[in-house]
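To keep things clear, I will list the structure first and then write my remarks on it.
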Amino acid sequence: MKKIIIILMLIVAGLALFFFMPKELERVHRAMAAVGLKAPDFELPELDTSGKGSSMIWRLSELKGKVVFINFWASWCDECKKEKPAMQRLYEKMQGRPFQMLTIIYRDDAKKAVDYMKINGYPMPVLLDYDMKVARNYWVRGVPETFIIDKEGIVREKIIGRRAWDSPEAIGLIEKLLE
């Protein structure tokens, strides 16, 4: 009798996995960023780097029609600091174009990140991912990590590590997505 009950329980558990697990896996997969797939939407507050009391909320879904450059970084990260001047030059070059650069601090103190941006005069928005949900959805494992999202909201590139964002190759990549 015990064997029959155990076998029935195993059959019920197997059926439950068969019918319910694919839907759960699909839901989780849709929430994760991957090249070639729709970028997970997010809503994050901008930190005030200007001293004017910014209270802007950025929503990725509201940037459709623009190429979006998302850079996860930290003020304690030397590679991130080395990358910022080239990012600044790319940011300036793309002014007036359908392009938006966003930086998201990763495992960092918000005040230190804001101070770093102020001291160095970097005007690009700094967003606070206070619960690390966006970093988890984008599978960020370290910094710097950058995602390039096309005008339709599809992740086209995931770049791990520092890049020369003002190089002809990097600018060409962005230009191609702006066409």
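The values are calculated or read from the model by the stated rules, or taken from the named source; none is laboratory data. Keep in mind that what you see is a predicted model, and the values were worked out from it rather than measured. Glycine also receives a Cβ, built like all others from the backbone with ideal geometry; neighbour counts cover every protein chain displayed.
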Could you list, in sequence order, the residues of region 125-150 that are hydrophobic (A, V, I, L, M, F, W, C), buried (at least 18 other Cβ atoms within 10 Å of the Cβ) and not in a strand (DSSP E or B)?
134, 135, 140, 143
Looking at 99, 72, which is the one that is crowded, with 20+ Cβ neighbours inside 10 Å and more than 12 Å from the chain's Cα centre (by Cα)?
99
Just to check your reading of the model, which residue among 174, 160 is closer than 14 Å to residue 68 by Cα and under 18 Å from the mean Cα position of the chain (by Cα)?
174
Residue list for region 151-179, restricted to those being surrounded by fewer than 18 Cβ atoms within 10 Å (Cβ to Cβ) and closer than 14 Å to residue 98 by Cβ
151, 152, 175, 176, 178, 179
Within region 113-170, how many residues are closer than 19 Å to residue 77 by Cβ, polar (S, T, N, Q) and touching a residue at least 60 places away in the same chain (Cβ under 8 Å)?
1
Please determine, by comparing only the residues of region 75-85 that are under 25 Å from residue 150 (Cα atoms) and buried (at least 18 other Cβ atoms within 10 Å of the Cβ), which one is nearest to the chain's Cα centre (by Cα).
80
If residue 60 meets every condition in (1) closer than 19 Å to residue 175 by Cβ; (2) surrounded by 16 or more Cβ atoms within 10 Å (Cβ to Cβ) apart from one, which number is that one?
(1)
Pick from 64, 52, 133: which is modelled with pLDDT under 95, more than 17 Å from residue 165 (Cβ to Cβ) and among the charged types (D, E, K, R)?
52
